[in-house]
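A.B. asks: For reference, the structure I am asking about is given below.
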Amino acid sequence: MNFADFSFWWTLIVSGTVLLLVRRVAQSFNLWANRFDRVGLMVLSLTIFYVASQQSFFIFAIELVFNYAAVYLMQRSIGWKRTAIAGVTIAVDLVILIYFKYLDFIVREILGIAAAQATIDPANNLSFGLSNIPPGISFYTFQMVAFVVDSFRASDDKILRFVDYINFTSFFPQVVAGPIERRADLLPQMQSFRFQFSGSNFSQGMRWVILGLFMKLVLSDNLSPYVQVLEAKNAWIIWLSVYLFSFQIYFDFAGYSLIALGLAQILGVQLTLNFQTPYVSTNIQEFWRRWHISLSTWFRDYVYFPLGGSRVPWAAANLFTVFLISGLWHGAGWNFLFWGAYHGGLLVLHRYVAQPFSRVLRLSNFFGWMITFNLVTFGWLFFMESDIARMAAKLQALLTPAAYSLSNLKDLVAPVQRLSLGVIVGAAIAFLFVEHIATLRKLPHGYQLFLSSPVVRFLLALLILVSAKASSKFIYFSF
């Protein structure tokens, strides 16, 4: 769901209004039982999903029915049958994900077939291009896989209702770009769901929504025009673009997550806080405890621990493998593999070299923060650059003294743009500084200081006045 697109809000308002009117009329004739609220939420979520992406909706619907039937049978089975059903279900889910997301990469890069030959299969008219990846398939596939695993492990085998499973997997605020919710956290809320709007839920939820929209439309989208991905010779511009992208992707994805959290809270549903001020981290391990939390914990619980975690002699290999897979999860390209390998290498170095070293030297938090932020920021170069040849040229430029010439420095930003860029960068830094203050005060979360009434009103005014003229889709919609 593109929260930055007016069509989403229009669909939500119209669909929600019709649903609530039907509910109100039915209640007046005593024709509406409480359990129908769950059906209403199901219809609302599926309607919004269908309008957002018909292609992804039908793929999602097929997976949803298949997974529910598999879990239903698994709950009625014991022994090897139960294990076999779980294994086959997970395998099918992953095969579907691989087909739609990675087939083009496998055909072109692994099998070496030219892109022109692999783009369209004349026999069935299927396109294998990246543009045809169904939006959200990585997120809802991982949520379904986790549900199968958690249901397999669960001691309570109370039969799952179809409507509750649909609501769990299709809850419209988070189905396309997370957070990736767990069975134990979200399913009970779906099973007991009621349309019980309260002033406190609406007020708190709207504060999260305004904060998230501010991060996306004011900070991220205003930074976006200055991120020059095509530049590969001017080292100054490359560095500027990488640092700006580090701000852009954070405000973009965290903004989406906060909007999702706010919409859910308006409905009385609690979602996972997917980001916890990651750019205040003083080491790379802390960064990954604060960045995209639902995905990090997913890989920890469903990949890292099953591989043996840190209890086995090859723990470092486990850690590195998890981040290679995490890189591939983000996209079908060598750059994402490089990015995953880069972070995997950083975490291995931190655990086995930096941690013992820091205990001896007792490095300051500021020094740790400075190193961590710059290492993470440099890693975004691999993430943002999908052209491997251009990535190599950029890395070469960064290591070439001539690329740092004064003439290149003059080309950094046109004079007319310097003031506007300075203002938006200053606003981004101020935002992160307030997050840091909240962290130092040990408030419930790093966004607490933004949620007071005066600050929210100020952010709303800025949202109205200085939102980017051209809003872009959320970055993580590509995954």
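Each value in this text was obtained by applying a stated rule to the coordinates, not by laboratory testing. Fair warning: this is a prediction, and the values are worked out from it, not measured in the lab. We place every Cβ from the backbone using ideal geometry, glycine too, and count neighbours over all the protein chains shown.
A.B. asks: What net charge do the residues around L211 carry, taking every other residue with its C-beta under 14 Å from that of L211, with Lys and Arg at +1 and Asp and Glu at -1? Write down the numbers at each step before the final one.
C.D. replies: Values: positive: R207, K216, R457; negative: D252, E435.
Within the 14 Å Cβ shell, the charges total +1.
A.B. asks: Could I ask something else about it? Dipole of the chain (Lys/Arg Cβ +1, Asp/Glu Cβ -1, origin at the Cα centre): which of S407, G426, W239 lies farthest to the positive side?
C.D. replies: Toward the positive end, the furthest listed residue is G426.
A.B. asks: Could you tell me the calculated FRET efficiency between Q27 and Y50, based on Cβ-Cβ distance and R0 = 25 angstrom, to the nearest 0.05?
C.D. replies: On the way: r = 26 Å, r/R0 = 1.05.
So the FRET efficiency works out to roughly 0.40.
A.B. asks: Can you give the local net charge around L460? Use residues other than it whose beta-carbon is closer than 15 angstrom to its beta-carbon, Lys and Arg +1, Asp and Glu -1.
C.D. replies: Values: positive: R207, K216, R457; negative: none.
Around L460, the charge tally is +3.
A.B. asks: May I pose another question? Based on Cβ point charges of +1 for Lys and Arg and -1 for Asp and Glu, what charge dipole magnitude is obtained for region 203-311 about its Cα centre, in debye rounded to the nearest 20? Mind showing how you got there, number by number?
C.D. replies: Working: 7 positive and 5 negative charges, 45 e Å.
Using Cβ point charges on Lys, Arg, Asp and Glu, region 203-311 gives about 220 debye.
A.B. asks: Still on this structure, I have one more. Tell me the volume per residue, in Å³, of the convex hull enclosing the alpha carbons of region 422-479. Each step should come with its number before you reach the end.
C.D. replies: Numbers: hull volume 7.4 nm³, N = 58.
Cα convex hull per residue, to the nearest whole number: 127 Å³.
A.B. asks: I'd like to know which of Q265, G331, V209 lies farthest towards the positive end of the charge dipole of region 200-345, counting +1 on Cβ of Lys and Arg and -1 on Cβ of Asp and Glu.
C.D. replies: So the residue furthest toward the plus end is Q265.
A.B. asks: Pick out the long, greasy-scoring helices in the chain: whole DSSP H runs spanning 20 Å or more along their own axis by Cα, mean Kyte-Doolittle at least -0.5. Could you put the intermediate results ahead of the total?
C.D. replies: Numbers: long enough: 6-28 (33 Å, 1.10); 36-52 (24 Å, 1.56); 54-75 (31 Å, 1.03); 79-105 (38 Å, 1.04); 137-153 (24 Å, 0.99); 199-213 (21 Å, 0.39); 235-266 (46 Å, 1.40); 315-330 (23 Å, 1.35); 334-349 (22 Å, 0.99); 365-384 (28 Å, 1.29); 415-440 (37 Å, 1.53).
The answer, listed by residue number, is 6-28, 36-52, 54-75, 79-105, 137-153, 199-213, 235-266, 315-330, 334-349, 365-384, 415-440.
A.B. asks: Based solely on its DSSP helices, what 222 nm [θ] is calculated for the chain when runs of n ≥ 4 H residues each add -39,500 (n - 2.57) and the sum is averaged over all residues, nearest 500 deg cm²/dmol? Don't jump to the answer; show the numbers that get you there.
C.D. replies: Details: 20 runs with 304 residues, N = 479.
Taking each H run of at least 4 residues, the total per residue is -21000 deg cm²/dmol.
A.B. asks: While we're on this one: What is the projected area of the convex hull of the Cα atoms of region 163-260, averaged over all directions, in nm²?
C.D. replies: So the mean shadow area of the Cα hull is 8.0 nm².
A.B. asks: While we're here: Students often check this: by mean Cβ neighbours within 10 Å, which of 44-53, 305-314, 217-226, 183-192 ranks highest, and how do the rest follow? List each step's numbers first, then the result.
C.D. replies: Details: 44-53: 19.9, 305-314: 11.4, 217-226: 22.0, 183-192: 16.7.
Highest mean packing first, the order is 217-226, 44-53, 183-192, 305-314.
A.B. asks: Still on this model: Which of the three applies to region 6-73, rounded, prolate or oblate, going by the alpha-carbon gyration tensor with a ≥ b ≥ c and a/c under 1.5 meaning rounded? Working shown, then result.
C.D. replies: Details: a/c = 4.37, a/b = 1.28, b/c = 3.40.
It is oblate, given that a/c is not under 1.5 and a/b is not larger than b/c.
A.B. asks: Using Cα centres only, tell me the gap between region 270-316 and region 383-423 in whole Å.
C.D. replies: Here the two parts' Cα centres lie 32 Å apart.
A.B. asks: Using alpha-carbon positions, what is the distance between the centroids of region 26-76 and region 182-258, in Å?
C.D. replies: Result: 27 Å between the Cα centres.
A.B. asks: Where in region 387-479 are there trypsin sites (Lys or Arg not before Pro) that are in a DSSP coil and have at most 13 other Cβ atoms within 10 angstrom of their Cβ?
C.D. replies: On the way: sites: R390, K394, K410, R418, R441, K442, R457, K469, K473; in loops: R441, K442, K469, K473.
The qualifying sites are R441, K442, K469, K473.
A.B. asks: Here is a follow-up. Count charges around R194 for me, please; just the other residues with Cβ under 14 Å from its Cβ, Lys/Arg as +1, Asp/Glu as -1. Could the numbers behind the result be given before it?
C.D. replies: On the way: positive: R23, R35, R38; negative: D37, D164.
With Lys, Arg at +1 and Asp, Glu at -1, the net is +1.
A.B. asks: Right, another one. Hey, got the dipole for region 387-479? About the Cα centre, +1 on K and R Cβ, -1 on D and E Cβ, debye to the nearest 20?
C.D. replies: On the way: 9 positive and 3 negative charges, 25 e Å.
Roughly 120 debye for region 387-479.
A.B. asks: Explain nothing, just the number: dipole magnitude of the chain about its Cα centre with +1 on each Lys and Arg Cβ and -1 on each Asp and Glu Cβ, in debye rounded to the nearest 20.
C.D. replies: Numbers: 34 positive and 22 negative charges, 204 e Å.
Charge dipole of the chain: 980 debye, to the nearest 20.
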